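The values are calculated or read from the model by the stated rules, or taken from the named source; none is laboratory data. All values derive from a computational prediction rather than experimental measurement. All Cβ positions, glycine included, derive from the backbone under ideal geometry; neighbour counts span all protein chains shown.
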Amino acid sequence: MRFDPKEGVTLDLDGLLKPEDINLSSPEIPMILGVAYTGEFISIPNAFATRLTHNLIGTPTSELHSSMVLLGAHFPTTELLQFTKLLVRFTHLEDWAGITGLTMKLDTTNRDIEVRYSVPQTTRASLNAEHSISIQFGVECQAEQNPLSMVALTHYDEVAFESTAPMPLEDALRDVYDFQNFLTLGVDAVCVPISICAVIPVVAEGGQSRQNKVKVHFALSTANHLFVRINRRQMLFSLPDVGAEFESTIKNWFASADRLRPSHLLYFGTIQDSRGIVENRFLSLAQALEVYHRRTFVNEQLPAQDHQKRVLEIIDTAPGQHQTWLRERLEYSNEPNLRKRLKELLDVAPECTDRIVSDRKSFINDVVNTRNNLTHYSRPPGHLEKDAFKLYKLAEQLSELMRVFLLRELAFEFSKISELLDAFERFNPR
């Protein structure tokens, strides 16, 4: 068995797991159980065959792949992948939190060095009666003894996702993804999980409970972002900026996460793939803003009853053989178009949006025309499609607008958002 951070886990076997039915067209294998040479239990969910070799003489070989492997316990079925707690470390979490338990005193006169560590207080937020999120801290210590010649203390931050009842791993990982997006918004850089430890409550003999920890390893497409440090001045906001409002802020984010998930997928996807094709980036950001407006603003131009009456009156005037076609064409006619959506978004917070878009009319025309051209290719390329740099700048404006409205979902006032943008742009000039 081998694991690659980008590809996931690969299992090379001498032989076949199920000679009677395993082949490259077989469905996924729900769960593979095994034991490492160290004695550690291994569970591999949702594996599939990627290579099979059949020999006329000798033993066949097979290669199986999965995006995830769990170390520390056996789970006979995927339905049993349920946990009460996930402990997750993220890239840039230490930078964003800005908290450490380490202090050092250096006395050059007496040639004394004193290093101390005190565990910082946990920052906790209750999402509801069943779920909570905590940022907790700890230290890892390494020492070389006999005699003591080296001591290394490493402070770490991790996020604890807790539930009063066991929750399916899929649901827990959705919470991890939503916090990852929250952290990415604050840091303004790709943030990804670098380790996940799942906790299972176990009742031992004698009735005493203990916790069994299971390491979760999974494929990570953004592994090249792992070890880049970021200064807090380069961030949009950090934990000290949120301060005592951490619980309400994180509550607001998670309360809107499901409703805005399509926008999150589109927007944060462009951050993870910041070197992608500029046309794709532009289209994703335009769609992210359009979906955001659809999910948060009034999405009809007339009351539904009035619009239905208008549609019926129009259809009744059409010849019978054209009525079905006309009804389909009018299905979404009560929704605002992209041009109106952009105008409403720019109007709602001029103190924030005017700093991004100086000429609203030109900006809206450029976005609408370029979006239509890149979507339908119904006309010769316009000036923006021909000029990659101008298209890149237009995409950046869309990204900055999306960022403003995501900050608004944290319940920040637009005046607060403007202050954050002022501080951010001083150290990150466009």
| query | List pairs: first in region 371-392 and at negative phi, second modelled with pLDDT under 75 and in a helix (DSSP H, G or I), Cβ under 7 Å, 6+ apart or cross-chain? | reply | Asn373/Glu385; Leu374/Glu385; Lys390/Leu384; Leu391/Leu384; Leu391/Glu385
| task | Could you tell me which numbered condition Thr103 fails, if it satisfies all but one of (1) in contact (Cβ under 8 Å) with a residue 24 or more places away in the chain; (2) in contact with a Lys or Arg (Cβ under 6 Å, 6 or more places away or on another chain)? | result | (1)
| field | Selection count, region 387-430, where residues are more than 25 Å from the chain's Cα centre (by Cα) and crowded, with 20+ Cβ neighbours inside 10 Å | value | 1
| task | Starting from residues that are exposed (fewer than 14 other Cβ atoms within 10 Å of the Cβ) and part of a loop (DSSP other than H, G, I, E, B), keep the ones in region 216-231 and report whichever is modelled with the lowest pLDDT. | result | Leu226
| Taking Ser195, is it modelled with pLDDT of 90 or more and of a type in the set (Ser, Thr, Tyr)? | yes
| Subset of region 53-65 (residues that are more than 29 Å from Lys215 (Cα to Cα) and either of a type outside the set (Gly, Ala, Ser) or under 37 Å from the mean Cα position of the chain (by Cα) (or both)) | Thr53, His54, Asn55, Leu56, Ile57, Thr59, Pro60
| note | By residue number, the members of region 232-264 that are part of a helix (DSSP H, G or I), surrounded by fewer than 16 Cβ atoms within 10 Å (Cβ to Cβ) and under 18 Å from the mean Cα position of the chain (by Cα) are Ala255, Pro262
| Members of region 288-321 found to be more than 38 Å from the chain's Cα centre (by Cα) and exposed (fewer than 13 other Cβ atoms within 10 Å of the Cβ), listed by number | Gln305, Asp306, Gln308, Lys309, Leu312, Glu313, Asp316, Thr317, Pro319, Gly320, Gln321
| said: Give me the strands (runs of 3 or more DSSP E) completely within region 131-215, filtered to those with at least 2 residues that are farther than 25 Å from Ala73 by Cα, ordered by residue number. | reply: 131-144, 150-168
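Please find, among Glu351, Glu290, Glu344, Glu331, the residue that is of a type in the set (D, E, K, R) and not assigned by TED's automatic domain parsing to the domain that holds Met402. Quick ask: steps written out before the conclusion?
Numbers: Glu351 fails: not assigned by TED's automatic domain parsing to the domain that holds Met402; Glu290 fails: not assigned by TED's automatic domain parsing to the domain that holds Met402; Glu344 fails: not assigned by TED's automatic domain parsing to the domain that holds Met402.
That would be Glu331, the only listed residue that is of a type in the set (D, E, K, R) and not assigned by TED's automatic domain parsing to the domain that holds Met402.
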| Considering region 280-312 alone, what residues qualify as being under 20 Å from Pro262 (Cβ atoms) and either of a type in the set (D, E, K, R) or outside any helix (DSSP H, G or I) (or both)? | Arg281, Glu290, Arg294, Arg295, Phe297, Val298, Asn299, Glu300
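Given the residues Met150, Met167, which is the only one that is in contact with a strand residue (DSSP E or B) (Cβ under 8 Å, 6 or more places away or on another chain) and without any contact (Cβ under 8 Å) to a residue 12 or more places away in the chain? Break it down into steps so the answer makes sense when it comes.
Numbers: Met167 fails: without any contact (Cβ under 8 Å) to a residue 12 or more places away in the chain.
Exactly one residue qualifies, and that residue is Met150.
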